[in-house]
1. Spelling out what I want: for every residue of region 385-391, take phi, set θ = phi - 60°, compute 6.51 cos²θ - 1.76 cosθ + 1.60 (Karplus), and round to whole Hz; glycine and proline get x.
2. Taking a ≥ b ≥ c as the square roots of the Cα gyration tensor eigenvalues, with a/c under 1.5 meaning rounded and otherwise prolate when a/b beats b/c, else oblate, which class fits region 53-196?
3. Using only Cα atoms and rounding to the nearest 10 degrees, what angle (0 to 90) does helix 100-111 make with the longest principal axis of the chain?
4. Search the structure for amide H atoms under 5 Å from the amide H of residue 250, placed 1.01 Å from N in the peptide plane, and list their residues when 5 or more places away or on another chain.
5. Enumerate the calculated ³J(HN,Hα) couplings along region 452-460 in order (Karplus 6.51 cos²θ - 1.76 cosθ + 1.60, θ = phi - 60°), each rounded to whole Hz, writing x wherever the residue is Gly or Pro.
6. For region 281-473, state the average projected area of the convex hull of the C-alpha atoms over all orientations, rounded to one decimal in nm².
7. Please name whichever of 388, 374, 357 sits farthest to the positive end of the charge dipole of region 350-391, dipole taken about the Cα centre and charges placed at Cβ: Lys and Arg +1, Asp and Glu -1.
8. In terms of the Cα gyration tensor, with a ≥ b ≥ c the square roots of its eigenvalues, is region 363-406 rounded because a/c is under 1.5, prolate because a/b exceeds b/c, or oblate?
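The values are calculated or read from the model by the stated rules, or taken from the named source; none is laboratory data. Here the structure is a predicted model, which means the values were calculated and not measured. Methodologically, a virtual Cβ is constructed for each residue, glycine included, from the backbone with ideal geometry; neighbour enumeration extends over all protein chains shown. Heavy atoms of the whole protein, side chains included, go into the accessibility calculation; ligands, DNA and RNA do not. Shrake-Rupley method; radii C 1.70, N 1.55, O 1.52, S 1.80 Å.
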Amino acid sequence: MSEAVAAATSVDVGVRAAGRAEKRMLINGVLTTAASGAEFDNISPATGLVLGQTSAAGPEDMDKAISAARRAFDESDWSTNRTLRQRALLQLQDALEDEKEDLREELIAEVGCPVMTTQNAQLDWPLADALRYPSKLIDEFEWERTLDGGGLFGERNARTVVKEPVGVVAAITPSNFPIEVILKKLGPALAAGNTVVLKPDPNTPWNATRIGRLIAERTDIPPGVVNVMPTPSNEVAGMLGTDPRIDMVSFTGSTAVGKHLMRVGADTMKRTFLELGGKSAMIVLDDANPAHIIPGAVGACVHAGQACAANTRMLVHRSLFEEAVANVTMAFGGVPVGDPALPTTLVGPVISAAQKQRVLDACEHARRDGAEIVVGGGAFDDLPPHLADGHFVAPTVIVGADPRSAIAQDEVFGPVLVMIPFDDDDEAVRLANDSAFGLAGAVVSASAERAMGIARRIRTGAIGVNGGMYYGADAPFGGYKNSGVGRQCGIEGFAQYTETKTIGWRRPRGQG
């Protein structure tokens, strides 16, 4: 981390980030403004101040970007030239490393993520492996395999299975961990030979437009292979879900939007990867040490709770429940909330005024439904003047909620933890699985064998046992049920950006 970041406030960081920001989109290898000249504001969630503007893609711009991606896939050698793809990805890796500290400040400014989160999942972790891993897979992936014998003609018949790129991929990314998600979509999609139209969240456009500039200036990626299209328009973004020139939609965001993309893409039979919402459960068994659950509980506050995989339900054995509530309540009351530019801050702002209100409304609805808010539940106002217009929510613990109530079932996307007691292991599993979601989770126990047994019974895409980490570019991540379709990262995540072709063939008679 740079000393400049550590010594700054969000106002200082925002000014510096604005001065370095790339405000243009990337279409067909050219950094350009919108055809209409339109721009939109990029607003700091910490201060409420306008950081600057970004070009706003309109329908004409999006059409050009889709055309460029289609042409690059159909007419260039990108889809077949693995050497070029590997070299280009590593060039982008080097370029990002060179601008790492500028990117860190940009994330703090526009995402509102605390400095400490940029040292892990916001920046440092994905920068370490999100491009390197798929570039390595270019050499290691099984692009072809031959099936032994068989067929109608016995040994004279051969069958070859070939993996090919899907085609043109629309990558639609969220505001909460933007650089991580962007790199984990671009890496495998490009390594597999696809072309991409990237549409970043309008609340956090500059990290994506920076990548567009680096691609144009620092890599051998051919024109049209990557197009970066910032826009606040749902109508313009929606073109990616309906245009027949798009072969696949790779989306990370809300379940409601994911379902919409599946519906509108059906007419053109688009492939979809959807990494959606969650309401993950952390199960604390009766043999657990109550003091050991604090880090996992506080994890629901990291980046103000804006993490789809956050364990926002804590299921605690009834024998430990009272002590656990007391410990967690004390911890939440002492969590450092404030300026994300300060290295001591754990909880910064939520992304927007609208999201802040949604979180506050969810807490109020829980209170009206009979739940008890033991700490938090409102806006966090103990802030310095420069953060007075920021979007801060107090870390919140809720008890007494019906397990089927909205606060225990719906994704809040704020620093809100619901604690629910259970009486035995079977009930814990039932409560954890009694959810429309199935993205992540955790189990805490003095017995690793018992905890692993519970973990295997939970219908979820990823789960940690006694603090075990499932994160990494080599580890598939995604959800069951309403948490999505497909997997990001790992061999599974790479393979989903490919199509499969089976070729049955015979040598002409007399040729062996």
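1. Calculated HN-Hα couplings, in order: x, 6, 10, 4, 9, x, 10 Hz.
2. Working: a/c = 2.79, a/b = 1.79, b/c = 1.56.
Judged from the Cα gyration tensor, region 53-196 comes out prolate (a/c at least 1.5, a/b above b/c).
3. 60 degrees
4. Here 170, 171, 172, 273 satisfy the definition.
5. These are the phi-based 3J(HN,Hα) values: 5, x, 5, 4, 5, 8, 8, 7, 8 Hz.
6. On the way: hull surface 43.0 nm².
For region 281-473, the mean projected area of the Cα convex hull comes to 10.8 nm².
7. 357
8. On the way: a/c = 3.98, a/b = 2.96, b/c = 1.35.
Prolate.
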